[in-house]
Amino acid sequence: MISANATTAETAADEPAVETARRRLDRLAALVDVSDEYVERLKYPSQVHRVSIPVRLDDGEIEVFEGFRAQHDNVRGPYKGGIRYAPGVTADECVSLAMAMTWKCALLDLPFGGAKGGVAVDPRSLSTEEKRRLTRRFAEEMRSFVGPQTDIPAPDMGTDAQTMAWIADVYKMQTGDGTRGVVTGKPPRVGGLAGREEAPGRSTALVAREAARYYDYSVDGLTVAIQGFGSVGGHAARLLDEWGATVVAVSDIDGGVSDDDGLDIDALSAETGPLTEREAAADADEVTNDALLELDVDVLIPAAVGGVLTADNAPNVEASIVVEGANEPTSAEADAVLAERGVPVIPDILANAGGVTASYFEWLQNTNGRSWTHEEVREELDDRMLSAWEAVKESRETREVPWRDAAYAVALERVAESHETLGIWP
Ligand code: NAD
């Protein structure tokens, strides 16, 4: 195993995510050269909006859903962050995710702050028409606090490019502003960006490649296991495969497939349906999602859902490096176990930040009217990701902390310095 620096990671079990985020800030304050007062301010969101969304369902009944938008901090620019549709979404969950967006945007040096929103609904229980009505009414309720210069939502769990197109259209009806810069992640034919969809997977692959090189692994033949073969996992798998890595296992919600000699990622990607039933996996072994996390590989990329690496399975992780493609896949307890065992964990706020970075390009495209080619998006994305990687690497080496703390320290310093420059209003 690789030697990583010991961590003082949070270890409280079952603690609300927002409390964990606050305790992390307390700990990180010691690492950065900014006043504690401004760090204290950053423990709290600027605003949390809670709205009721009445929707007439296809059967004629009205159901009222609860929607949230947490705006954490906007000292570096307009609030930015996704909107998720998922059962059980809460205001607190949105606050902790909004905080993470503040750090992610600062780490990539984007002129944005952090926000996150959501509606407590199971999107699979709604027809397309019901989703359209829900989204349009939610957009109406958000009218007073979103806008291209104030707060810019994007897709997240359970929402997609179509959802963003509906929100952009409502905003245009409300304000007459047809630039569509109010949301990012739109379909390219209505102001979206070529290459936005592949961006978080691309950044995850880039960061995995740099991390492998850092620890003296050759990318050629690097063995990789990826949990989740959706947008992030699928694009990361295709790129790493293209660069010469051997992707030995991938999975979806129904389970995974593995082959020590490497899977045919292009052929797997060309098919749809459960991975275990695809023609291209006919000769592969089946592997459960739990077992995939414990495979003996060079790089493990959890790229499906949060909270999959826990105190229970972290002792069994055999990978040499973990790169977080998903948001928050590693619990604080698992983080501590992996650090103790010398397994470096490259954090989500760096690895999957290609998504918000491409969102920034989309927002620029909408607000200044100059469209970007796919090639320009890739080049600028790669440049920005590599700069962020270098900043985190330097932070890790000078501060002698694990990768996650190193990344958060870079971000916190940038945000807190901006606050320090302006002071507390008035
Ligand atoms: P997606 O819906 O495109 O793909 C998710 C994949 O994970 C699918 O293959 C699905 O079958 C699988 N999956 C779902 N639940 C699972 C479970 N319980 N166990 C194992 N596999 C499961 O989603 P995505 O956009 O690729 O997002 C994946 C993760 O990356 C999420 O944590 C998301 O928040 C994060 N992320 C996404 C973006 C983005 O722009 N797409 C950006 C940054 C971070």
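The values are calculated or read from the model by the stated rules, or taken from the named source; none is laboratory data. Given the structure is predicted, the values throughout are model-derived calculations rather than measurements. Neighbour counts run over all protein chains shown; Cβ positions are idealised from the backbone, glycine included. What goes into the accessible areas is simple: the full protein's heavy atoms, side chains included, and nothing from ligands, DNA or RNA. Shrake-Rupley method; radii C 1.70, N 1.55, O 1.52, S 1.80 Å.
Would you tally the residues in the range 124-161 being open to solvent by 20 Å² or more (accessible area, probe 1.4 Å) and within 16 Å of the ligand (Cβ to nearest atom)? Matching residues across the range 124-161 total 8. In this structure, A199 does not qualify as more than 13 Å from the ligand (Cβ to nearest atom) and closer than 23 Å to L108 by Cβ. Please determine whether any residue of the range 271-286 is outside any loop (DSSP other than H, G, I, E, B), farther than 30 Å from S218 by Cβ and among the hydroxyl-bearing types (S, T, Y). Checked against the condition, which is being outside any loop (DSSP other than H, G, I, E, B), farther than 30 Å from S218 by Cβ and among the hydroxyl-bearing types (S, T, Y), the range 271-286 yields at least one hit.
Residue-wise test of (1) touching a strand residue (DSSP E or B) at 6+ places or on another chain (Cβ under 9 Å); (2) farther than 21 Å from T102 by Cα; (3) of a type outside the set (D, E, K, R); (4) modelled with pLDDT under 95.
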| residue | (1), (2), (3), (4) |
| --- | --- |
| I346 | yes, no, yes, no |
| A353 | no, no, yes, no |
| Y360 | yes, no, yes, no |
| H374 | no, yes, yes, no |
| E379 | no, yes, no, no |
| V392 | yes, no, yes, no |
| E400 | no, yes, no, no |
| A407 | yes, no, yes, no |
| E420 | no, no, no, yes |
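Just one of (1) loosely packed, with under 15 Cβ neighbours inside 10 Å; (2) free of Cβ contacts under 8 Å to residues at least 40 places away in the same chain; (3) of a type in the set (G, A, S) fails for S387. It is (2). Among the residues of the range 147-167, are any acidic (D, E) and in a helix (DSSP H, G or I)? Scanning the range 147-167, I find no residue that is acidic (D, E) and in a helix (DSSP H, G or I), so the answer is no. For the range 329-380, a residue qualifies if it is assigned to a helix (DSSP H, G or I), within 16 Å of the ligand (Cβ to nearest atom) and among the β-branched types (V, I, T), and the qualifying residues are I349, V356, T357, V377. If you go through the range 171-209 and pick out every residue that is crowded, with 20+ Cβ neighbours inside 10 Å and assigned to a helix (DSSP H, G or I), you end up with 12. For residues that are of a type in the set (F, W, Y) and not in a strand (DSSP E or B), scanning just the range 22-78, find the one that is surrounded by the fewest Cβ atoms within 10 Å (Cβ to Cβ). Among those residues, the one meeting the criterion is Y44. Out of the residues in the range 220-260 meeting the condition of being away from the ligand (no atom under 13 Å from the Cβ), of a type in the set (D, E, K, R) and under 20 Å from V317 (Cα atoms), tell me which one is least open to solvent (accessible area, probe 1.4 Å). Step by step, filter the range 220-260, then rank; the result is D259.
Taking the criterion of being in contact (Cβ under 8 Å) with a residue 60 or more places away in the chain and either more than 13 Å from V322 (Cα to Cα) or over 24 Å from the mean Cα position of the chain (by Cα) (or both), the only residue of the range 275-294 that qualifies is N289.
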